[in-house]
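Notes follow the structure.
Throughout, read-outs are computed from the coordinates displayed, never taken from laboratory work. Bear in mind that the values here come from a model prediction, so they are computed numbers and not experimental data. Methodologically, a virtual Cβ is constructed for each residue, glycine included, from the backbone with ideal geometry; neighbour enumeration extends over all protein chains shown.
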Amino acid sequence: MAWNPDRLARNSVDGGKIIYLVDTGKIQSLKFPTFWFEPTPQGKFMLSVAFGQAKYYTDNLRENIWRGIRQKLRRGELPARAPLGYFNEPRLRTIEPDPKTFRKTKKALEAFATGNYTLTQICDKMFSLGLIGSRSKKKFALSSIEHTLKNPFYYGHFLYRGELHEGTHKPMISKKLFDRIQQVLKDTGKPRKKRPAKKPFLFLNFAQCGECGYSITAERHIKKSGLEFVYYRCSKRSKTHKCSQGFLRDNAFADQVKNYVQKVSLSDTWRDRYLKRLDSWAKDSNHSSDLIAQKLKAELSRVKTRIDRLTDAYLDQTLELIEFQEKKNSLMKQKKDIEEKLYDFERKGNHWLELTRNWILEANSVENLALQEDYTGMKEFLQKIGSNRRLFLLSQESSGDGLRGKKPKKTITLSVDLVFPAETQMRGINY
């Protein structure tokens, strides 16, 4: 007994099964208040027609829904529930910033980007800010927080069925900050169990392994005599590559950091030369600014053209869906990066001159950190002006202290790529 045949089957498989069960006698009778049926050839024919109408209704409804979803995607609107910090506006059917949680969520994302928080710690911070589950009214699960941190919706794009789309909603953070969050997630890895407080390692989370790219961890060994030794080594978490890198004593690590700071520090003579060069740059900055803006616009135009060509190739069925989505997502990220660079450049104008001046003065004053042996300050300086900080095994070494009684056979050297202000890089400064 059912209200209508479409309550029993809305697809060809279920409808065929019911008619087959009627044919074999396993279903003796079907009763509907709004439909007549008898187990006769005419009755089974009418039943199959009713099932066909139900399937047509379902297919037509699905097509109409998909047409509406495609239209929302073309308008840059996410056809789903709004993420944390936003809400679904019922009147306009758009996604708008939530006045209660938008700033709190932004504050949590900015805090995690500093690299000073684990997932557990950022969960506690979000709870202290009043960010809780809408239904459970409790702390977010770590998996939910990780999903939030990886959601491109916060910088203006959104993923739908594996494809990245450009949104028209108000972004919460910049693409640059989002990339920094992804790097912190990669460096910190999965959360660990809480351990009793110990003396912190000075250079933990400072560099990565030069061979496999994983983070450098630290170990503390205390001998029976009470002597304490700290070693830094690769965490060797790769499951596909066997890392051959050794270890590095903390004092040797500190000496390398100090030597590197001394190498990149500017003397008073070179400081004056660079400041003089900077003054000459300021005179013709207007002309060069136009050239840089034109270069960024041309690069943006090329990326847009590649996206259009990629879409045409997919429509011509020369690309598979997965390959199309991967390439389009990559191009969409490039497009967003260039748009943010162009926006910042047009908004700040010659702000790069002040950044370069501050960079020169800071590089000149860093020599004092080396003289005072302020390793915390030197580490922060290298983190600020350098990227791609890696430890490499290099030449043979004749002697040295070892871990667990073994003597190291090779020396490990710190390598840092200097990061100059973007405009200064384009002008080809030599350092």
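Sort 326, 63 so the one with the fewest other Cβ atoms within 10 Å of its own Cβ comes first.
63, 326
When a/c is below 1.5 the answer is rounded, else prolate if a/b is larger than b/c, else oblate, so apply that to segment 86-188 with a ≥ b ≥ c taken from the square roots of the Cα gyration tensor eigenvalues.
Values: a/c = 1.77, a/b = 1.19, b/c = 1.48.
Because a/c hits 1.5 or more and a/b fails to exceed b/c, segment 86-188 counts as oblate.
Quick one: 91, 390, fewest Cβ neighbours within 10 Å first, how do they rank?
Arranged by neighbour count, lowest to highest, 91, 390 become 91, 390.
Which FRET efficiency, nearest 0.05, do residue 280 and residue 229 yield, Cβ-Cβ r, R0 41 Å?
0.20
What's the exposure ranking of 239, 384, going from fewest to most Cβ atoms within 10 Å?
239, 384
Can you give the local net charge around residue 44? Use residues other than it whose beta-carbon is closer than 11 angstrom to its beta-carbon, Lys and Arg +1, Asp and Glu -1.
-2
How high is the relative contact order of segment 5-74, in percent, with contacts defined as C-alpha pairs under 8 Å that are six or more residues apart? Present the calculation step by step, with values, prior to reporting the outcome.
Details: 49 pairs, mean separation 27.1, N = 70.
It rounds to 39 percent for segment 5-74.
With only Lys, Arg, Asp and Glu charged, each at its Cβ (+1 for the first two, -1 for the last two), find how big the charge dipole of segment 144-186 is about the Cα centre; round to the nearest 20 debye.
Value, rounded to 20: 140 debye.
Using unit Cβ charges (K, R positive; D, E negative) and no other charged atoms, how large, in debye to the nearest 20, is the dipole of segment 56-120 about its Cα centre?
140
Give, in nm to one decimal, the length gained when the segment between residue 241 and residue 380 is fully stretched (0.36 nm per residue of separation minus the Cα-Cα distance).
47.0 nm
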